[in-house]
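Everything on this sheet refers to the single structure shown next.
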Amino acid sequence: MLQNKNENNKLSSLLTKHKDLTSLYMIVLIIIIGASIFIPSFRSQQNITNLFSQMAPMGLVALGQTFAIITTGIDLSVGSVMSLATVITATQLDPANPISVLIVYPLVLGVSLLIGSFNGFIISKFNLEPLIATLASGSIINGISLLILSHPGGFCPRMFTNSWLTEIGGIVPLSIIYFFILILVTYFVLNHTRFGRRVYAIGGDEEKAEIAGINVDKVKIKVYMASSLLAGIAGLALAARMRSGDPISGSTFTLYSVAAVLVGGTTFSGGKGGVIRTFAGVLILSLVSIILNLIGVSPFYQNVMTGLIIILAVINSSLRKG
Amino acid sequence: MHLPLINKTLSRNAKVFTSLILVVVVLFAISGIFNPRSLSPSHILGVVRQSAPLGISAMGQSAVILTGGIDLSVGEVITMTNIISADMMKGRNSRTIPVILLLLVIGALIGGMNGFMIATTNIPPMVMTFAMSSMVKGGYLLYSGGAPRGRVSPFLRYIGTQRFLGIPVTVIVYTMLIIAVLYYFQKTKWGRSAYFIGNNPVAAEYAGIPKTYRLIMIYAFSAMMAVITGLILSGYIGIGTFDVGGDSYMLNSIASSVVGGNTFNGIGNVGGATIGALIITVIESIMTSLGVAETGKLVMRGVIIITMVTLYMGSIDLDKVKKFFSKEGGPVKDAQGN
């Protein structure tokens with residue numbers, strides 16, 4: 001009897017969870033259908049390619065941010081990590097030397113992991129507020145990227161950009177395919193591994209997680225490493241898209257990644273949410289920006305609209321939570 | 001029963017201020033080594049004047065941080081103030097006061113909106129103020145049509161650039177403002193609530209503090225301080241431009257506030273932010289005189305924030321750190337032996 005009741009509860013909670021997600025994706029669907037009906041240029045092949053390649057860097061960085069926010073933390077250094085990645089890529093690639101591509105990938109990913117472990121270390125061992133700690137480390141990383149390349153420049157040769165920008169069937173760029181693969185990977189990690197369950201446990205209640213025998217510090221360090229690593233990959237995608245490096249190119253991505261996670265319905269209260277929600281958030285934000293461009297809204301108004309939409313979306317998702 | 005707690009807080013603030021003032025003295029001594037002339041009173045006052053805009057915005061930021069929030073709209077409000085004040089004053093003294101009053105009202109509305117939304121919905125302060133900064137940016141871009149013009153009145157120029165009896169007028173205004181703000185946050189019922197709300201929101205609610213009104217007040221205060229920052233900067237620059245450096249004020253005000261000993265749970269002092277701002281300004285000026293480029297400043301800012309906050313936490317679990325470095329006494333293994 002008791003078990004039956006429990007199962008019923010589980011089932012109903014599962015259903016409400018899915019109802020939540022369904023309504024989120026319904027909004028996305030309505031936006032897409034509405035835009036395709038009323039804006040002819042939205043249906044064009046060029047626009048779809050554009051949407052995909054614009055979505056990839058922000059999506060990748062938002063995936064990483066999801067990890068941090070689930071543990072009630074935040075990673076404000078992701079933008080700086082992206083800039084650093086573009087700067088390293090643009091300066092270390094040598095058009096005459098194909099091997100340089102093989103060196104750049106491990107270099108960027110290694111540097112990102114190092115930054116992530118530093119963030120995780122100071123947050124968990126020194127008990128620093130994640131917001132302050134990552135803000136400070138972001139400032140340090142910004143300084144380092146300015147040291148490497150003080151102005152936008154450098155050059156990403158074709159052999160590097162091809163691995164991100166080649167369009168399959170003339171529509172789908174490789175970068176968005178990497179993004180989809182990484183969504184699946186992060187979904188698997190968060191929902192089907194011991195590490196993922198610990199991430200949720202820590203987000204739910206850190207003290208109880210500690211009492212339950214979870215090594216909280218270790219998990220937190222891994223969380224910030226994951227977040228930085230994904231920011232590094234996002235930086236590679238951005239470098240390929242710009243075909244150059246820019247020491248401040250990533251700065252706008254920091255807060256948009258947070259916004260995307262929150263629009264998706266993952267909240268700062270922790271222990272809930274996931275990458276599938278984040279994907280919806282990324283879709284909504286990129287669709288809105290592209291649609292505003294297509295219908296010719298002045299860029300000045302776009303700032304106002306983006307602000308309004310973020311507020312409405314976050315309030316909406318937090319109300320549903322409550 | 002309450003007494004030990006109060007004593008502890010008082011002693012903590014006293015400790016923080018002593019160490020902060022020591023840091024300032026040491027920094028001035030260091031800059032004196034590099035350049036003996038930099039120890040002259042007039043130069044020191046000059047440094048204080050330089051730190052004034054940052055200090056003012058940091059006081060507003062501190063009030064918000066003490067309640068557990070954060071205000072990311074500071075930077076854009078500063079730029080907005082510069083654009084609107086230059087455009088509306090058109091170099092006329094007679095328009096100074098009305099324009100300043102108008103800007104303060106706009107600031108109060110922007111901040112009040114932030115506070116209202118944060119208090120009444122579940123929206124995180126970071127997202128609300130970020131979205132607000134995006135809207136404010138759109139607003140001033142529309143207002144100026146992308147090309148800012150005009151210049152501020154001579155009176156504002158006087159406040160921003162001149163000296164009265166050898167003391168920069170900015171410093172005089174700054175001092176009066178600090179006194180007013182300290183009085184408000186230390187002695188009045190409304191001001192004290194910033195600490196209460198941050199320290200224990202539930203207890204504050206039970207104590208009958210109207211959280212919504214107080215949060216509206218605190219965020220409005222932060223935005224109005226940003227407006228005053230913008231006015232002083234405009235007085236210094238003289239014309240309307242997008243390059244007043246609003247962005248850097250957003251981060252630096254958070255840094256100053258945190259270096260000044262404020263935490264996200266209502267422990268600290270709004271006035272501490274001014275010393276934090278002074279420290280950051282002095283370090284930047286030492287860096288500049290040493291010929292260190294932007295890199296050094298950014299790295300230094302990060303290192304200072306991390307060091308100071310680590311020291312304040314006072315709760316570096318030494319055992320934890322030791323455990324981390326010695327493999328034998330490693331962390332407790334969990335159930336799965338991992």
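Each residue in the stretch A:214-229 was checked for being within 13 Å of the chain's Cα centre (by Cα) and open to solvent by 10 Å² or more (accessible area, probe 1.4 Å), and 2 of them qualify.
Conditions tested, residue by residue: (1) open to solvent by 10 Å² or more (accessible area, probe 1.4 Å); (2) more than 22 Å from B:Gly302 (Cβ to Cβ); (3) β-branched (Val, Ile, Thr).
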| site | (1), (2), (3) |
| --- | --- |
| A:Pro40 | yes, yes, no |
| A:Leu51 | yes, yes, no |
| A:Leu60 | no, yes, no |
| A:Ala68 | no, no, no |
| A:Val78 | no, no, yes |
| A:Met82 | no, no, no |
| A:Asp94 | yes, yes, no |
| A:Ile99 | yes, yes, yes |
| A:Gly116 | no, no, no |
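Annotation note: Cβ proximity below 6 Å between a residue of the stretch A:253-272 that is open to solvent by less than 10 Å² (accessible area, probe 1.4 Å) and a residue that is of a type in the set (Lys, Arg) (sequence gap 6+ or interchain) occurs for A:Gly264/A:Arg277; A:Gly265/A:Arg277; A:Thr266/A:Arg277.
Take the conditions (1) open to solvent by less than 30 Å² (accessible area, probe 1.4 Å); (2) within 14 Å of chain A (Cβ to nearest Cβ); B:Ser38 misses just one of them, which is (2). Remark: B:Met117 matches the filter, which requires a residue to be out of contact with any Pro (no Cβ under 6 Å at 6 or more places or on another chain) and either free of Cβ contacts under 8 Å to residues at least 12 places away in the same chain or among the aromatic types (Phe, Trp, Tyr) (or both). When the stretch B:245-264 is filtered for residues that are more than 13 Å from every other protein chain (Cβ to nearest Cβ) and at pLDDT 85 or above, only B:Tyr249 remains.
Do we have B:Thr79 as of a type in the set (S, T, N, Q), open to solvent by less than 20 Å² (accessible area, probe 1.4 Å) and closer than 27 Å to A:Ser257 by Cβ here? Considered against the rule, which asks whether it is of a type in the set (S, T, N, Q), open to solvent by less than 20 Å² (accessible area, probe 1.4 Å) and closer than 27 Å to A:Ser257 by Cβ, B:Thr79 comes out as yes. Would you say A:Asn127 is at pLDDT 90 or above and open to solvent by less than 70 Å² (accessible area, probe 1.4 Å)? No: the conditions fail for A:Asn127. Consider the stretch A:284-307 and keep the residues that are without any contact (Cβ under 8 Å) to a residue 24 or more places away in the chain and of a type in the set (A, V, I, L, M, F, W, C). The one that is least open to solvent (accessible area, probe 1.4 Å) is A:Leu292. Looking at A:Ile183, A:Ile171, which one is farther than 26 Å from A:Asp75 by Cβ and away from chain B (no Cβ under 14 Å)? Unique residue meeting the criteria: A:Ile171. Consider the stretch B:231-244 and keep the residues that are of a type outside the set (Val, Ile, Thr) and open to solvent by 30 Å² or more (accessible area, probe 1.4 Å). The one that is farthest from the other protein chains (Cβ to nearest Cβ) is B:Tyr236. Hey, does the stretch B:141-149 have a residue that's part of a helix (DSSP H, G or I) and either within 20 Å of the chain's Cα centre (by Cα) or crowded, with 19+ Cβ neighbours inside 10 Å (or both)? There is at least one residue in the stretch B:141-149 that is part of a helix (DSSP H, G or I) and either within 20 Å of the chain's Cα centre (by Cα) or crowded, with 19+ Cβ neighbours inside 10 Å (or both).
Within the stretch B:287-311, residues that are more than 9 Å from chain A (Cβ to nearest Cβ) and within 17 Å of B:Ala255 (Cβ to Cβ) reach no partner that is open to solvent by less than 30 Å² (accessible area, probe 1.4 Å) and polar (S, T, N, Q) with beta carbons closer than 8 Å at six or more positions or on different chains.
Going through (1) open to solvent by 10 Å² or more (accessible area, probe 1.4 Å); (2) under 14 Å from B:Met217 (Cβ atoms) one by one, B:Gly115 falls short only on (1). Restricting A:Ile132, A:Ile122 to those that are within 30 Å of A:Gly273 (Cβ to Cβ), touching a Leu at 6+ places or on another chain (Cβ under 6 Å) and facing another protein chain (nearest Cβ under 10 Å) reduces the list to A:Ile122. Residues in the stretch B:127-138 that are facing chain A (nearest Cβ under 7 Å) and open to solvent by 10 Å² or more (accessible area, probe 1.4 Å): B:Phe130, B:Met132, B:Ser134, B:Met135, B:Lys137. Test B:Val227 against the stated conditions and say whether it is under 28 Å from B:His43 (Cβ atoms), of a type in the set (A, V, I, L, M, F, W, C) and crowded, with 23+ Cβ neighbours inside 10 Å. Here the answer is no, as B:Val227 does not meet what is asked. Would you be able to say whether some residue in the stretch A:30-51 is in contact with a Lys or Arg (Cβ under 6 Å, 6 or more places away or on another chain), modelled with pLDDT under 90, of a type outside the set (Asp, Glu) and part of a helix (DSSP H, G or I)? Checking the stretch A:30-51: at least one residue is in contact with a Lys or Arg (Cβ under 6 Å, 6 or more places away or on another chain), modelled with pLDDT under 90, of a type outside the set (Asp, Glu) and part of a helix (DSSP H, G or I). You will find that of B:Ile123, B:Ile100, the residue that is of a type in the set (Val, Ile, Thr), away from chain A (no Cβ under 12 Å) and either touching a residue at least 24 places away in the same chain (Cβ under 8 Å) or buried (at least 17 other Cβ atoms within 10 Å of the Cβ) (or both) is B:Ile100 and no other. Kindly provide the set of residues from the stretch A:132-180 that are over 20 Å from A:Val104 (Cα atoms), surrounded by 20 or more Cβ atoms within 10 Å (Cβ to Cβ) and not aliphatic (A, V, I, L, M), ordered by number. Across the stretch A:132-180, the qualifying residues are A:Thr134, A:Ser137, A:Gly138, A:Ser139, A:Gly143, A:Pro173.
Is it the case that the stretch A:195-205 has a residue that's within 14 Å of another protein chain (Cβ to nearest Cβ), closer than 30 Å to A:Ile123 by Cβ, more than 22 Å from the chain's Cα centre (by Cα) and surrounded by 13 or more Cβ atoms within 10 Å (Cβ to Cβ)? No, the stretch A:195-205 contains no residue that is within 14 Å of another protein chain (Cβ to nearest Cβ), closer than 30 Å to A:Ile123 by Cβ, more than 22 Å from the chain's Cα centre (by Cα) and surrounded by 13 or more Cβ atoms within 10 Å (Cβ to Cβ).
The values are calculated or read from the model by the stated rules, or taken from the named source; none is laboratory data. These figures come from a predicted structure and were not determined experimentally. In this analysis, Cβ positions are derived from the backbone assuming ideal geometry, glycine residues included, and neighbour counts consider all displayed protein chains. SASA here: full protein model, heavy atoms, side chains in, ligands and nucleic acids out. Shrake-Rupley method; radii C 1.70, N 1.55, O 1.52, S 1.80 Å.
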